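Report on the following structure.
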Amino acid sequence: MRKGTGTRYRSTIVRADGVEITLEGGSWNRIGGAIGRVPHDLAHLVVEQELAIRRGLWGILAAGGLVKNAAFTGGRRPPHSAAVARRITSEANEEILRTEVLVRACADASAGGRLDAASVREQVGERWWDDHVTDEALIRIDARLLEHAQRWDELAPGADFEAEWVGPPATARR
């Protein structure tokens, strides 16, 4: 993820097949701690990894899908890549929405100092609830969000923040 000027940033993922995808970003999530905010796509990375979400933002990009503000930028595209990307993203639509809600709820829990699953469950409701949201998971998410916010804040514009997407195993439930 490359830090831009102001609030802008650009995330780049190189998929297993060598295709490079660039995601333009600029939105942020409020969190706790001295810095008080973290790039939204970085919050996604943390929450998706901690909650073992396979078909959130990063999992969809890694699997060949595309989301708004993402584009192919390098490597050899597989045949029918645009159609495949649309299908993958469409099939994961509900999980992408769930992930957006969970990222916001986890960031809000950090910002409000309410690192308990019951508060998050009340905020997201049954439709978006995920049993992987536990008190322990929220504590880990909060710690990683705070750490990443600090690292990001220390970067100069044009510098890179490196983080690796390690998705859950293919046998994960979703």
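The values are calculated or read from the model by the stated rules, or taken from the named source; none is laboratory data. Quick caveat: nothing in here was measured; it's all calculated off a predicted structure. Note: ideal-geometry Cβ built from the backbone for every residue, glycine included; neighbour counts use all protein chains shown.
Here are the numbers for the structure shown:
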{"quantity": "In the stretch 28-59, residue farthest from residue 131 (Cα to Cα) [restricted to those that are in contact with a Pro (Cβ under 8 Å, 6 or more places away or on another chain) and in a loop (DSSP other than H, G, I, E, B)]", "calculated": "54"}
{"quantity": "Boolean, residue 159 is over 23 Å from residue 98 (Cα atoms) and either buried (at least 17 other Cβ atoms within 10 Å of the Cβ) or in contact (Cβ under 8 Å) with a residue 24 or more places away in the chain (or both)", "calculated": "yes"}
{"quantity": "Matching residues, the stretch 123-139, being surrounded by fewer than 18 Cβ atoms within 10 Å (Cβ to Cβ) and within 14 Å of residue 32 (Cβ to Cβ)", "calculated": "139"}
{"quantity": "Subset of the stretch 123-174 [over 19 Å from the mean Cα position of the chain (by Cα) and hydrophobic (A, V, I, L, M, F, W, C)]", "calculated": "155, 156, 159"}
{"quantity": "Selection within the stretch 62-79 - among the aliphatic types (A, V, I, L, M) and either in a strand (DSSP E or B) or modelled with pLDDT of 95 or more (or both)", "calculated": "70, 71"}
{"quantity": "Unique residue being among the basic types (Lys, Arg) and closer than 26 Å to residue 3 by Cα when the list is 140, 121", "calculated": "140"}
{"quantity": "Identity of the residue in the stretch 80-122, more than 13 Å from the chain's Cα centre (by Cα), assigned to a helix (DSSP H, G or I) and of a type in the set (D, E, K, R), that ends up surrounded by the most Cβ atoms within 10 Å (Cβ to Cβ)", "calculated": "108"}
{"quantity": "Yes/no for residue 137 being of a type in the set (A, V, I, L, M) and at pLDDT 95 or above", "calculated": "yes"}
{"quantity": "Sole exception among (1) surrounded by 18 or more Cβ atoms within 10 Å (Cβ to Cβ); (2) within 16 Å of the chain's Cα centre (by Cα); (3) closer than 14 Å to residue 111 by Cβ for residue 32, by number", "calculated": "(2)"}
{"quantity": "Condition check for residue 55: surrounded by fewer than 23 Cβ atoms within 10 Å (Cβ to Cβ) and of a type in the set (Lys, Arg)", "calculated": "no"}
{"quantity": "So residue 111, is it at pLDDT 95 or above and more than 17 Å from residue 51 (Cα to Cα)", "calculated": "yes"}
{"quantity": "Any pair with Cβ under 7 angstrom, 6 or more apart, that starts in the stretch 124-144 at a residue that is more than 17 Å from residue 40 (Cα to Cα) and touching a residue at least 40 places away in the same chain (Cβ under 8 Å) and ends at one that is small (Gly, Ala, Ser) and part of a helix (DSSP H, G or I)", "calculated": "133/117"}
